[in-house]
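**Q** I'd like to ask some things about the structure below.
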Amino acid sequence: MAHSIFGEVVGVRKFTNGDIEIDFFHEDEITEYRYSSDPSRLSNFPKELAETLASTLASDICVEIYFEDDGTPSYVELEECDYDEDDDEDD
């Protein structure tokens, strides 16, 4: 069964060999995702999706990552994070 996780990018590392590592915060934990030009690496994230995730660093963009049944990421949805719901209620 396909599933998704919702969160935001809190860290990105880009290497000279083209690899990208992404720290993704969701459900009070950080998961590291990686794109590598070496297709033999486990947990390889598609380059287009990794670059899209990396572009959301230091923004108010939240991300939902959708995964296939085998755990391979299939697509992402981006939306503006809504942090001030509680602030509006206090006014």
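The values are calculated or read from the model by the stated rules, or taken from the named source; none is laboratory data. Everything quoted here is computed from the prediction, not taken from an experiment. Heads up, the Cβs are rebuilt from the backbone with ideal geometry, glycines too, and the neighbour counts pull from every protein chain shown. These area figures cover heavy atoms from the full protein model, side chains too; ligands, DNA and RNA do not enter into them. Shrake-Rupley method; radii C 1.70, N 1.55, O 1.52, S 1.80 Å.
**Q** Do you know which residues across the stretch 61-77 are free of Cβ contacts under 8 Å to residues at least 40 places away in the same chain and closer than 17 Å to Asp23 by Cβ?
**A** Val76, the sole residue that qualifies.
**Q** Follow-up question, since we're still on this one. For Phe25, which of the numbered conditions (1) touching a Ser or Thr at 6+ places or on another chain (Cβ under 9 Å); (2) modelled with pLDDT of 95 or more; (3) open to solvent by less than 70 Å² (accessible area, probe 1.4 Å); (4) not acidic (Asp, Glu) fails to hold?
**A** (3)
**Q** Of the residues Gly7, Gly18, which single one is touching a residue at least 12 places away in the same chain (Cβ under 8 Å) and open to solvent by less than 30 Å² (accessible area, probe 1.4 Å)?
**A** Among Gly7, Gly18, only Gly7 is touching a residue at least 12 places away in the same chain (Cβ under 8 Å) and open to solvent by less than 30 Å² (accessible area, probe 1.4 Å).
**Q** Right, here's the next one. Just to be sure I understand, how many residues within the stretch 7-23 are within 13 Å of Phe45 (Cβ to Cβ) and hydroxyl-bearing (Ser, Thr, Tyr)?
**A** Matching residues across the stretch 7-23 total 0.
**Q** A follow-up question, please. Only residues that are in a strand (DSSP E or B) and either of a type in the set (Phe, Trp, Tyr) or exposed (fewer than 12 other Cβ atoms within 10 Å of the Cβ) (or both): list them for the stretch 57-80, please.
**A** Tyr66, Phe67, Tyr75, Glu77, Glu79, Glu80
**Q** I need the full set of residues from the stretch 28-56 which are open to solvent by less than 90 Å² (accessible area, probe 1.4 Å), of a type in the set (Asp, Glu) and in a loop (DSSP other than H, G, I, E, B), in order please.
**A** Result: Asp38, single match.
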